[in-house]
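The values are calculated or read from the model by the stated rules, or taken from the named source; none is laboratory data. The structure displayed is predicted, hence computed values, not measured ones. Note that we place each Cβ from the backbone using ideal geometry, even for glycine, and neighbour counts take in every protein chain shown.
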Amino acid sequence: MSKHDYSSFNRFDFDSFDTFFTGQNGQKFKFTFNTNNYFRKHSITHRYGVSAFFSDSRAISNIHSLLFCRAYENTILPQSFTRPFLIVFYGDLCIPCVQFEQVFQKTMGDLEALGINFATVHSQHENVLARKLGVRSLPHIISLVDGDVRPFRGDDVSYNILVDFIARALPKDLIVEVNDQNYVTFLTGWRDNKVRVLFVSEDSKVKLNYRLVAFYFRERIAFGYVKADHTSRQLRERYRVTDAKMSSMLIFNEDISRSVATLSVSDLKTQLMKDVLDSNKYLFLPRITSQVGPVSPGCFAHHYLFKLVDHVRLPVPHWKRPLSNKALRDARRQ
């Protein structure tokens, strides 16, 4: 009996079963449920030294999950004040997690070098933390910035959507707009004890790596963004930023007549910016009192006040003072 060929019927435009179980070269069963190898490789336990321990005993597992939650609060939360986190909760037998894995891998590959921390958490093993953060479906994606947890809300997750989600989680006031009208006011605002930095570029939108660098140094440095167009011609002429095609970074201390350091390259790399800023993150004068290290427990901290003056009038020694008339008469009699 002949077998009928139904391959030309094309009953479905998309066969999800076929997609998951067939490789690119026609190889079968490329998908396995119980792996999630990439997620496990980048779990908090592997990447940030948070201890991991699993047991068949429910009581022991619950204790571990509670300890893991405390370790997250003591280790991960403090780091989120200098580097933002993107954390993904995943689980076994989770088809959407497998679908999302490739997007996560590409996003991490592109953005980790810019200054974003990535981590994953197994929701079944770490159920205390999952409940605490309101995980109800998988994958559950959150951003963690300044200790503030924001869940991703949306049915579709693509690379661009995820990058935009991270960018929106950052504080809005990291970089201010600077032009010919306000640059003097911005640069002379160093009385807040912060160095001033200007990014200059012809891009209309501030790049994500600029914002991440500003987030990292915000305690020491105030950042401004200058668009290289007619609104900043005077500023660029004054500080000799002549090539609008180049991306520039100018660093200023109290003296705004010139920058103390300048970078002008086709593309400002994150690590290069961090290295230069780390060497110039203090003002010339306030650094006398701002580089004091932490005080050890049990020690008393002494505070000193320095006042800068143009000149000082010292008292004249008594042997140099002019003699009075009475003293002169007495000296003559002798």
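Computed quantities for the displayed model
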item	result
Set V200, V206: member being hydrophobic (A, V, I, L, M, F, W, C) and not in a loop (DSSP other than H, G, I, E, B)	V200
Out of A214, A228, A261, sole residue that is free of Cβ contacts under 8 Å to residues at least 40 places away in the same chain and surrounded by 19 or more Cβ atoms within 10 Å (Cβ to Cβ)	A228
Scan of segment 91-103 for residues that are part of a helix (DSSP H, G or I), over 13 Å from D156 (Cα atoms) and within 29 Å of the chain's Cα centre (by Cα), ordered by number	V98, E101, Q102
Filtered residue count, segment 179-191, keeping only those that are at pLDDT 95 or above and either outside any loop (DSSP other than H, G, I, E, B) or not assigned by TED's automatic domain parsing to the domain that holds V260 (or both)	5
Candidates F39, F68 - the one that is modelled with pLDDT under 85 and either farther than 11 Å from A119 by Cβ or assigned by TED's automatic domain parsing to the domain that holds Q99 (or both)	F68
Residue match in segment 325-333 (condition: of a type in the set (K, R), modelled with pLDDT under 95, surrounded by 10 or more Cβ atoms within 10 Å (Cβ to Cβ) and more than 22 Å from Y216 (Cα to Cα))	yes
Test: residue in segment 121-131 that is among the hydroxyl-bearing types (S, T, Y), part of a helix (DSSP H, G or I) and buried (at least 20 other Cβ atoms within 10 Å of the Cβ)	no
Qualifying residue in segment 163-172 (condition: of a type in the set (G, A, S), assigned to a helix (DSSP H, G or I), touching a Leu at 6+ places or on another chain (Cβ under 7 Å) and at negative phi)	yes
Odd one out for V197 among (1) touching a residue at least 40 places away in the same chain (Cβ under 8 Å); (2) among the hydrophobic types (A, V, I, L, M, F, W, C); (3) surrounded by fewer than 20 Cβ atoms within 10 Å (Cβ to Cβ)	(3)
